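This report refers to the structure that appears directly beneath it.
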Amino acid sequence: MKIGLLSDTHGIVEPAFIALEMMGPVDLLIHAGDHYHDATSIAASLNVPIHAVVGNCDSRLEGPEEKILEVEGVRIYITHGHKYNVKMSLFGLYNRAVELRASVVVYGHTHVAGYGYTPSPGCPNREGLLMINPGSVSKPRDEGKYSFGVLEITDGAVKPSILCL
């Protein structure tokens, strides 16, 4: 299964469509917040399921603040990250992911792409809990790197990647 990852589009969806083209065919799309309505407009033009959460620039009434997905035996936790102060530390987000027994966390808010593994009790991933932020395709804060992510899941193994426009 191939999952596209977007975050922090902030009402500017044209680069998201370029990112989707660069991803190639995906089976599922995740939008990790800030401009929840962007996710719904992107979904309207795609023929794949999309899962989105609200961010700090959205009204909580627009959609969920967090979601859990089970994809091919992999438990994915989606949140924007602002409620866990991810600009300061990933500790709060890590604790929430452990509490939810997640194997993967997809988050945004920082507008800076990256991923890493953290040892986690009970996590089925050999490497530990995967925490991935696709960055922003519209307003990057990482030296102008307009970015997005892809997760490829095969037989319960997750392969993450970050790509730039």
Review point. Given (i) -0.30, -0.71; (ii) -0.49, -0.91; (iii) -0.37, -0.77, which label gives log10 I(q)/I(0) by the Debye sum over Cα atoms at q = 0.10, 0.15 Å⁻¹ as computed from the coordinates?
Key: (i)
Check your understanding: Rounded to the nearest 500 deg cm²/dmol, what is the calculated helix-only ellipticity per residue at 222 nm for the chain, with -39500 (n - 2.57) per DSSP H run of length n ≥ 4?
Key -> -5000 deg cm²/dmol
Review point. Given the stretch 2-164, what percent of its DSSP beta bridges are antiparallel, to the nearest 5?
Key: 65 percent
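Tell me which trypsin sites (Lys or Arg not before Pro) from the stretch 48-123 have a DSSP coil assignment and no more than 15 other beta carbons within 10 Å of their own.
Details: sites: R60, K67, R75, K83, K87, R96, R101; in loops: R60, K87, R101.
Filter output for the stretch 48-123: R60, K87, R101.
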Exercise for review: Mind listing the long-range amide H neighbours of G114? Cut-off is under 5 Å, sequence gap 5 or more, other chains count too, H placed in the peptide plane at 1.01 Å from N.
Suggested key: N133, G135
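No value in this document is a laboratory result; all are computed from the given coordinates. Remember, predicted model here, so these are calculated numbers, not experimental data. Please note: Cβ atoms are built from the backbone with ideal geometry, for glycine as well, and neighbour counts cover all protein chains shown.
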